[in-house]
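This report refers to the structure that appears directly beneath it.
None of the figures in this text is laboratory data; all of them are computed from the coordinates on show. Everything quoted here is computed from the prediction, not taken from an experiment. Note that each Cβ is placed from the backbone with ideal geometry, even for glycine, and that neighbours are counted across all protein chains shown.
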Amino acid sequence: MSESHSNGKKILMMGSPNVGKSALFSRLTGTHVVASNYSGTTVEFVRGKLKMDGETAELIDVPGSYSLDPTNRAEEVAVDMLKDGDLIMAAVVLVVGGGLNHMLLAFGL
């Protein structure tokens, strides 16, 4: 875990494992995180800065979770983080005919 970078809003990147949260986090913040094609790569959370509309927000890469009823350490961390966010950015992969995968981002409070 790294130190907090911002006094602004906290945005949590949440979703199932292996949907590309960490890769997108790295791209948005310039913060290097390990991304791989297997569950459990992100077990703790990582913080980075994201500039939006002239303001800086704290973007947090949260471990992947299939459920709000944790079954492992990564899911426990994810569920515990829910109370800390001002905004949730949920990353979901959609499988479209022909096997094409598309990432969908949904935002909620």
(message) Need one number: nm distance between label points at residue 33 and residue 83, each 7 Å from Cα along Cα→Cβ, rounded to one decimal.
(response) 2.2 nm
(message) If the reach is capped at under 16 angstrom between alpha carbons, list the lysines near residue 9, excluding any in the same chain fewer than eight residues apart.
(response) 49, 51, 83
(request) Any aspartates and glutamates with Cα under 13 Å of the residue 10 Cα? List them, leaving off those in the same chain fewer than 8 positions away. (result) 55, 58, 61, 84, 86
(request) Assuming R0 = 30 Å, can you tell me the calculated FRET efficiency for the pair residue 53 and residue 23, based on Cβ-Cβ distance, to the nearest 0.05? (result) 0.80
